[in-house]
Structures are given as structure tokens and as C-alpha cells.
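Below is one structure, written out as C-alpha cells; comments come after it.
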Amino acid sequence: MRLVIAFVAMLSITGCDGSSSKCGGLGSPCCNTSCNSGGTCVGGVCQACGAAGQACCGGGACGSGLVCTGLGAGVCSQCGGSGEPCCAANECDSHGCCVKDICTPQGTDCPTIGGACTNGSCGSCGGAGQACCDLLVCTAGSVTCSTGQCVACGAAGQACCANETCSDNDLACASNTCQQCGGAGQICCVGRSCTQHGYGCHAGQCIQCGGPGQACCATSDACTTINTCCDLGTNTCVALVDNQCPMTCGHSGEECCPPDNSCNQGFSCDRTGHCGTCGASGQECCINNTCDQGLTCQRPARTCS
């Protein structure tokens, strides 16, 4: 458990409209690790996100034609072109093929799988309605492997697409199914966000926020009871400890510490947002499906090799 400077409810900054004296605006302090639209919390300060070369927005979101890559908060990189990372839902430009998360252009052989890339399929496998390729891989956009066949993914009730993505902002991936998110009692949307007023994300679910034991609200007054603060590791309102705010994160099995998904020495932030061992050969992939240098994240097992 870490101790951080207390963020006391009665002394919290009011408002979140981006002015210099308030939180959430670009260049201003973060509101409980959250920022207004178009910003993300990096080092406790709201910075522009989502454009090429900028930090990824909450939940790894990036602008059109970009995808979140790298460790920590991640960086938005160009995607979809030949040799570039695949975009969300396995999409590649001009119906290319997504092989090992890298786009192969039409008319060229699919690496490791074989067969010429044609409209997203590698010869006789990987396309919509075709059999899955070796290692249960589908190479076309917006399809995923299910019981040996490449089927549609990303819509409500459908299987999640590659990298646990869904097709709409009001959907999120849970138990490998795209589900409605953000409302009272629903799963949290990407970036641990909730859309219902007065609700915050805790343990993956949108619950009432602000009171002791409740989720922290994504506003400057994250916790509304005197002598309480937001444990940023669990996103829960807790009592102060010696006028400092405990933060339960960073150790093995605990959540990665915001705002940059850091862990204590010897641990890395895994794909589920918890601290452990990941990224080396044979280990599970780290956050944003990354691996140590020279290795790639293999689907569907999501291990590094």
C-alpha cells in the first residue's frame, strides 16, 4: 500500500470546467485521474490525447486511423497500412489481412500462415465465414474465431473483437462478450468510466459514488464525506490515514497505479490492469497487448513469443 498526499473532500478543488483554477482542463490538475473530453491524465496533469504521437485517451482510445501501442498509458500510432499495427477490430486498409497484429496488404503472402491475402482472408482461412487459421486466428476485420469459424464480432451480444474491443462507445468487453456499459449496475466503459450521473467505476461495475466505501466520482469532489479521500488504486472512497490517502496498488495482484499504469519494481502492468509478471517469452502479454522487445502478443492465448 502506498501513501499519497491527501485529497480531502472538504478541501477539494471545485468544478471541472477546465479553467486555470479548476481541474480537468488541459494543463490543469486531473480530477481524480480523469480529464475533460480530449484529455488524459499523465503525471497528475491533463494532457491532450488521441492524436498521432500523443498519449492514448482513457481505455486506450485514439483518433480515426490510429491505435494505442506501447506500455504505460500508451501512444497513439498510425494503423492499417502495410506493415503498420492493425486498427481496432483487426481492421486493415483496403481489406488487408491482420497477421500477428500487423497489416499485410492484399496480394501478398500472409506471414507464418501462408496463402495470399484476399479481402481479409489468407487463402482458405481467416475471412468472414471461413475456418479460423492455425492458432485460432482470424485475419479479416470485425470477425473473431468461435468454435473454429470466423464470425462477426463487436456488436451488442456478439463476441468481442481483437484486443477486447467493441464497435460502439456504449459497449465494453466483459466475459468475451460486448455488453452495454456505463449505466447503473452495468459494466464500466473503457477507461473505467460511467455515463450515469452520480455513479463511478468500482471492480468493473458502475455503482453509486462519493460516499465511504463507494466508488470515487470522476469529478473534483471525488469523495463527498469529510476526512475521506479517493484510493486511486481501487477507485474507492476511504478514510484518511494520518492525514494521508492510502493507495492500494502496485504490488503483485493489485491494480496498476494511475495515471501511468506503474507497478512496484519487479512487476509490470498486465492486460487486465493488474501488477504481475508479463511480457517475457511464454508469459501473458502486458497492457495494450505489448511484449518485451523482439516479441509479439500471440492470439488467442495472448502470450508473448
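The values are calculated or read from the model by the stated rules, or taken from the named source; none is laboratory data. Remember, it's a predicted structure, so these values are computed and weren't measured experimentally. Neighbour counts are summed over all protein chains in view; Cβ atoms, including those assigned to glycine, are modelled from backbone coordinates with ideal geometry.
For residue 219, state whether it is among the β-branched types (Val, Ile, Thr), more than 21 Å from the chain's Cα centre (by Cα) and not in a strand (DSSP E or B).
No.
In region 145-163, how many residues are under 22 Å from the mean Cα position of the chain (by Cα) and free of Cβ contacts under 8 Å to residues at least 24 places away in the same chain?
The qualifying residues number 5.
For region 292-305, enumerate the residues that are surrounded by 21 or more Cβ atoms within 10 Å (Cβ to Cβ) and either in contact with an Asp or Glu (Cβ under 6 Å, 6 or more places away or on another chain) or not basic (Lys, Arg) (or both). Spell out how you get there, then give the answer.
At the first step, the residues of region 292-305 found to be surrounded by 21 or more Cβ atoms within 10 Å (Cβ to Cβ) are 297, 299, 304.
Matches in region 292-305: 297, 304.
If residue 246 satisfies every condition in (1) within 26 Å of residue 157 (Cβ to Cβ); (2) part of a strand (DSSP E or B) but one, which is the exception?
Looking at each condition in turn, residue 246 falls short on (1).
Modelled with pLDDT under 85, crowded, with 22+ Cβ neighbours inside 10 Å and outside the structural domain of residue 137 (by TED's automatic domain parsing), is that true of residue 218? Outline the logic, then answer.
Values: modelled with pLDDT under 85: yes; crowded, with 22+ Cβ neighbours inside 10 Å: yes; outside the structural domain of residue 137 (by TED's automatic domain parsing): yes.
So residue 218 passes the test.
Of all the residues that make up region 34-74, how many are farther than 20 Å from residue 194 by Cβ and assigned to a strand (DSSP E or B)?
The total comes to 9.
Please specify each residue of region 277-305 satisfying the condition of being touching a residue at least 12 places away in the same chain (Cβ under 8 Å) and either touching a Phe, Trp or Tyr at 6+ places or on another chain (Cβ under 6 Å) or of a type in the set (Ser, Thr, Tyr) (or both).
281, 290, 296, 303, 305
Exactly one condition in (1) out of contact with any Ser or Thr (no Cβ under 8 Å at 6 or more places or on another chain); (2) at pLDDT 90 or above; (3) not in a loop (DSSP other than H, G, I, E, B) is false for residue 151; which is it?
The single condition residue 151 does not satisfy is (1).
List every residue pair whose Cβ atoms sit under 9 Å apart, with the two residues 6 or more apart in sequence or on different chains, where the first one lies in region 182-193 and is among the small types (Gly, Ala, Ser) and the second, anywhere, is assigned to a loop (DSSP other than H, G, I, E, B) and surrounded by 19 or more Cβ atoms within 10 Å (Cβ to Cβ).
Cβ pairs passing all conditions: 182/188; 182/194; 183/194; 184/194; 193/182; 193/218.
Here's the yes/no breakdown for (1) surrounded by fewer than 16 Cβ atoms within 10 Å (Cβ to Cβ); (2) over 25 Å from the mean Cα position of the chain (by Cα):
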residue	(1), (2)
46	no, no
56	no, no
62	no, no
81	yes, no
85	no, no
95	no, yes
134	yes, yes
